[in-house]
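The structure appears below as structure tokens.
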Amino acid sequence: MNIVLSGKREICGNILSAVLGENGVKRLYFGEYFRGEPFAEIEAVKEPSVLVETWDLSGIERILEVNGVFLREFMSIYKDTVVYLIESPEENYLCLKGRIIPHYWSPRDNIDEIAREGRFRGEVVDNSTFLVFYENRFFAVKCNQSINIDVKDSEVEFSAENMSKDFVLVASGGVSKEAVLREVSSAVKNPLKIAGLRAKWLKSLLSKIPSLQTKRKDFIDLWKYCWYVILTNRSVVENHPILVKPFNMPTKYVFRHQWLWDSAFHAIVLSLYDVNLAKEELYNLFHSQKPDGRIPHEIFLSKIICKRLWRVDDYCPWTTQPPVIAVAVKRILDKEFDRGFAKLAYEKLVKYDEWFSLERDVDRDNLASYIDYLESGWDNSVRWDDPIARLREQPDYYHRLYPRARMAPVEAVDLNCLLYVQRKTISELAEALGDYETSEKYYALAEETRKKILQYMWDEETDFFYDVYEDTHEKIMVKTPAAFLTMFAKIATREQAEKLVEHLFDPKEFWTTFPLPTVSADNPKYDPRGYWRGRSWINMVWFTYWGLVNYGYLNEARKLALKVIELMARGPTCSENYDSSTGEPVGAEDFGWSTLILDIMRDLEKEQL
């Protein structure tokens, strides 16, 4: 099986990824350890013309015209080695320049701090090769021609003037200095071998994807492409203390470590391909669970980067994320019951749920709170504007309740719908494992959560569910698609579901060009390109689709799904999010949880796409 795309400039291997720009390699990442900015410029009377630009399983190829001469440009990655080459029938002199630095997500002066700590080291191997070391990882760069290498305290810069035709740049990373140097030396002699290995690897992965029964070629192309995304976002990090199993990065071009709710969504999709991969996706999350029961928000590749971002000496921050993990556990076990996995998941979920009760429910009403906007997963949502302002007005009061709070505690609709599902799942797991007392306890706890959601969060005047402040249960009157999780969780009454469907299909609210903006389009702060302030995300589409199915709105579910699939199939694209007013893909490329559309497409197949 092959995939051919036009205009795609991103390519990835294991934890290595690269983005091709107008002039060669624009960005090069080796996980969270190194970032590179190498590129080659061709001396030309006028700008090179790109005549053909093709992405397929072997790599990215472009045919350029420069001064009346045609050149072939090619880039490929296999595992953690990248090759970039330009081939020309005659001399077309190139200028090469670039730099390799320890990766960072914060201001430039932190790079110098890393250098002062002695964690970064650069080394000239020979006149065409250099090596860098940072946080127990090596990264080597080699050219097929001599280059100028300048090793600095916090980076290595390299350049060359008037390089001749048939230029090759190779980079490779790993935990062994000797292995990395061997790899770049081998690859620079035979760069096309990397392309062959890559194509063979991807064809093997994609040969195992389930078929899609439809006559629409654009849907089949989207199906193949999304499978490429979810399968190639998997990574293995050697010798990591927490990331002991393979896992999926959300996208290797921006978000290069493991996130909690992302991995739950990934596991749901992977269960359609191989249930063992789905289980594997959750193991690092279970392994990272803290003694108090919290499952962390993120697991970083780099401890230093986590420390700089979150001010904690750990690979994980102090926060959690929306508890979607129970949804993934249930999907996996419904697919194939594995008693050992069920027991492990049960033990971890019980501890996690106890943590929510103890650490995020000060008023002990069986509704938990978000206390940090990043913990919610909806980072800069309009939902949090007033809670952030409220905490700033009364910091002492709220910090007595939650010392680390960055907003007034909010009993959020989606959080508590997911906790209801988690508590029901724990009850079902306990029963399956013969622990009937715990099963009854969690059934009752789930029911209490359900009743409180209905009691506090439904608004009779506007016929909608809203978040509420924990201390007062005052509603935060911001309409968001979080409300549709009451249908996903089967909490809404039939009458409430009917009203929610009306809101969903109102063009002034949620039925935008790309449906389900993260705040209703009639909100004054609605921005169709705003990150969590009006863009559309596929996870919200997925929750809403299954909510409609749960209440028998099958035609409506199909209408929602087809509108989204047709927009994604135009590329095809599998982007982080979409402009809700135009349908344009925005955000990061090849985003893992956007492959949830595969689960929807598989369900729609019953009615013939």
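Taking a ≥ b ≥ c as the square roots of the eigenvalues of the Cα gyration tensor of segment 173-322, is the shape rounded (a/c under 1.5), prolate (a/b larger than b/c) or oblate? Could you put the intermediate results ahead of the total?
On the way: a/c = 2.39, a/b = 1.18, b/c = 2.01.
Oblate, since a/c reaches 1.5 and b/c is not below a/b.
Which of the lysines could be linked to Lys97 by a straight reach, that is with a Cα gap under 17 Å, when you skip same-chain ones fewer than 8 residues away?
Output for Lys97: Lys26, Lys142, Lys152, Lys165.
For the pair Asp153 and Lys189, what calculated FRET efficiency results from E = 1/(1 + (r/R0)^6), where r is the Cβ-Cβ distance and R0 = 41 Å, to the nearest 0.05? Could the numbers behind the result be given before it?
On the way: r = 33 Å, r/R0 = 0.79.
Efficiency, rounded to the nearest 0.05: 0.80.
I'd like the accessible area for Val66: 1.4 Å probe, protein heavy atoms, all chains in place, Å² to the nearest 10.
0
Obtain the nm distance between the two label points defined at Glu460 and Glu354 by a simple spin-label model: each point lies 7 Å from its Cα along the Cα-to-C-beta direction.
My value for the distance between the label points is 4.1 nm.
Distance between Cα centroids, segment 190-218 to segment 288-303: provide it in whole Å.
34
What number comes out for the charge environment of Val52, summing +1 per Lys or Arg and -1 per Asp or Glu over other residues with Cβ under 11 Å away?
On the way: positive: Arg62, Arg72; negative: Glu53, Glu61, Glu65, Glu73.
Here the count lands on -2.
Expressed as a fraction of 2.2 N^0.38 Å, the rule-of-thumb size for a compact globular protein of N residues, what is the C-alpha radius of gyration of segment 425-531?
Rg over 2.2 N^0.38 Å, computed on Cα atoms: 1.30.
For segment 28-40, just list the computed ³J(HN,Hα) in residue order, Karplus coefficients 6.51, -1.76 and 1.60, θ = phi - 60°, integers in Hz, with x standing in for Gly and Pro.
Running phi through 6.51 cos²θ - 1.76 cosθ + 1.60 with θ = phi - 60° gives 9, 10, 10, x, 9, 8, 9, 10, x, 9, x, 7, 10 Hz.
Where Lys and Arg each count +1 and Asp and Glu each count -1, what net charge lies around Asp150 among other residues with Cβ under 10 Å from its Cβ? It would help to have the intermediate numbers written out before the result.
Values: positive: Arg99, Lys152; negative: Glu155, Glu157.
Summing Lys and Arg as +1 and Asp and Glu as -1 gives 0.
Evaluate the relative contact order of segment 399-522 (contact order divided by residue number), counting alpha-carbon pairs under 8 angstrom at least 6 apart; express in whole percent. Working shown, then result.
Numbers: 145 pairs, mean separation 29.6, N = 124.
Value for segment 399-522: 24 percent.
Of the listed peptides 75-81, 290-296, 432-438, 483-489, what is their order by residue-averaged count of other C-beta atoms within 10 Å, with the highest listed first?
483-489, 75-81, 290-296, 432-438
Taking the mean number of other Cβ atoms within 10 Å as a proxy for protection, how do you rank 420-430, 260-270, 363-373, 210-220 from highest to lowest?
Details: 420-430: 23.4, 260-270: 26.1, 363-373: 21.2, 210-220: 13.5.
Highest to lowest by the protection proxy: 260-270, 420-430, 363-373, 210-220.
Quick one: what are the phi-derived ³J(HN,Hα) couplings along segment 128-141, Karplus 6.51/-1.76/1.60 with θ = phi - 60°, whole Hz, x for glycine and proline?
10, 9, 9, 9, 10, 10, 7, 6, 6, 10, 10, 9, 10, 10
Excluding residues fewer than 8 places away in the same chain, name every one of the aspartates and glutamates whose C-alpha is closer than 19 Å to that of Lys224.
Within the straight-line cut-off, Lys224 pairs with Glu10, Asp56, Asp274, Glu566, Glu576, Glu589, Asp590, Asp599, Asp603, Glu605.
Across the Cα atoms of segment 159-241, what radius of gyration and what greatest pairwise Cα-Cα distance (Dmax) are found, in Å?
18.4, 54
Would you mind getting the accessible area per residue of the chain, heavy atoms of the protein chains only, 1.4 Å probe, in Å²?
On the way: 23090 Å² over 609 residues.
Result: 38 Å² per residue.
Rounded to the nearest 500, what is the chain's calculated 222 nm mean residue ellipticity when only DSSP H runs of at least 4 contribute -39500 (n - 2.57) each, over all residues? Please list the in-between numbers first.
Values: 18 runs with 225 residues, N = 609.
That calculation yields -11500 deg cm²/dmol at 222 nm.
How do Lys8, Lys490 stack up against each other in accessible area, from largest to smallest, with a 1.4 angstrom probe?
Working: Lys8 15, Lys490 125 Å².
Final ranking, largest accessible area leading: Lys490, Lys8.
State, to one decimal in nm, how far the label point of Leu344 lies from the label point of Glu431, with both points 7 Å from Cα in the Cβ direction.
2.5
Within the set Lys499/Lys525; Lys279/Lys452; Lys252/Lys303, which residue pairs have Cα atoms separated by over 27 Å? Mind dumping the intermediate values first?
Numbers: Lys499/Lys525 23 Å; Lys279/Lys452 32 Å; Lys252/Lys303 18 Å.
Exceeds cut-off: Lys279/Lys452.
With a/c under 1.5 counting as rounded, go ahead and sort the chain into rounded, prolate or oblate using the C-alpha gyration tensor (a ≥ b ≥ c being the square roots of the eigenvalues; past the cut-off, prolate if a/b is larger than b/c, else oblate).
prolate
Between Thr319 and residues 5 or more places away or on another chain, which pairs have amide H atoms under 5 Å apart, with H built 1.01 Å from N, and which residues are they?
Excluding prolines and chain starts, which carry no amide H, the hits are His297.
Take the Cα of Glu61, step 7 Å along the line toward its Cβ, and report every residue of segment 178-200 whose backbone nitrogen sits under 18 Å from that point.
Answer for this model: 190-200.
Between Asp363 and Val69, how high is the FRET efficiency from 1/(1 + (r/R0)^6) when r is the Cβ-Cβ distance and R₀ = 60 Å? Nearest 0.05.
Working: r = 73 Å, r/R0 = 1.22.
That gives a FRET efficiency of 0.25.
Helix 192-206 sits at what angle to the longest principal axis of the chain, using alpha carbons and giving 0 to 90 degrees rounded to 10?
Approximately 20 degrees, to the nearest ten.
Using a cut-off of 9 Å between beta-carbons, work out the net charge of the residues near Gly24 (Lys and Arg +1, Asp and Glu -1, Gly24 not included). Walk me through the numbers on the way to the answer.
On the way: positive: Lys26; negative: Glu22, Glu41, Glu73.
Taking every other residue near Gly24 into account, the sum is -2.
Going by the alpha-carbon gyration tensor, a ≥ b ≥ c the square roots of its eigenvalues, is segment 492-609 rounded (a/c under 1.5) or, if a/c is not under 1.5, prolate (a/b greater than b/c) versus oblate? Show your work: numbers first, answer last.
On the way: a/c = 1.97, a/b = 1.09, b/c = 1.80.
Note, shape of segment 492-609 comes out oblate.
Under 8 Å for C-alpha pairs, at least 6 residues apart: give me the relative contact order for the chain, rounded to a whole percent.
On the way: 1272 pairs, mean separation 62.4, N = 609.
Reported relative contact order: 10 percent.
Can you pull the accessible area of Tyr402 for me, 1.4 Å probe, Å² to the nearest 10?
Here the accessible area works out near 10 Å².
Sort 155-162, 526-533 for me by packing, meaning the mean count of neighbouring Cβ atoms within 10 Å per residue, highest on top. Don't skip to the end; give the middle numbers.
Values: 155-162: 17.8, 526-533: 19.2.
Ranking, from highest mean packing down: 526-533, 155-162.
Could you work out what % of the accessible surface of segment 436-572 is carbon and sulfur, using a 1.4 angstrom probe and leaving DNA, RNA and ligands out of the count?
Working: 2610 of 5590 Å².
Taking all protein chains in place, segment 436-572 shows 47 percent carbon and sulfur surface.
Work out the FRET efficiency for Gln394 and Lys451 from their Cβ-Cβ distance, taking R0 = 35 Å, and round it to the nearest 0.05. Could the numbers behind the result be given before it?
Numbers: r = 29 Å, r/R0 = 0.84.
For R0 = 35 Å, the calculated efficiency reads 0.75.
Ordered by residue, what ³J(HN,Hα) values in Hz, to whole numbers, does segment 539-547 give under the Karplus form 6.51 cos²θ - 1.76 cosθ + 1.60, where θ = phi - 60° and Gly and Pro are x?
With coefficients 6.51, -1.76 and 1.60, one gets 5, 6, 4, 4, 4, 5, 4, 6, x Hz.
If you average the C-alpha positions of segment 25-70 and of segment 339-406 separately, how far apart do those two centres end up, in angstrom?
What the calculation gives is 46 Å, centre to centre.
Write down the Å³ per residue value for the convex hull defined by the alpha carbon atoms of segment 244-319. Display every interim value, and only then the final one.
On the way: hull volume 6.9 nm³, N = 76.
Hull volume normalised by residue count: 90 Å³.
The values are calculated or read from the model by the stated rules, or taken from the named source; none is laboratory data. Predicted model, so just to flag it, every value in this text is computed and none were measured. Virtual Cβ from ideal backbone geometry, glycine too; neighbours counted across all protein chains shown. Each accessible area value is taken on the protein alone, full model and side chains, heavy atoms only, with ligands, DNA and RNA left out. Shrake-Rupley method; radii C 1.70, N 1.55, O 1.52, S 1.80 Å.
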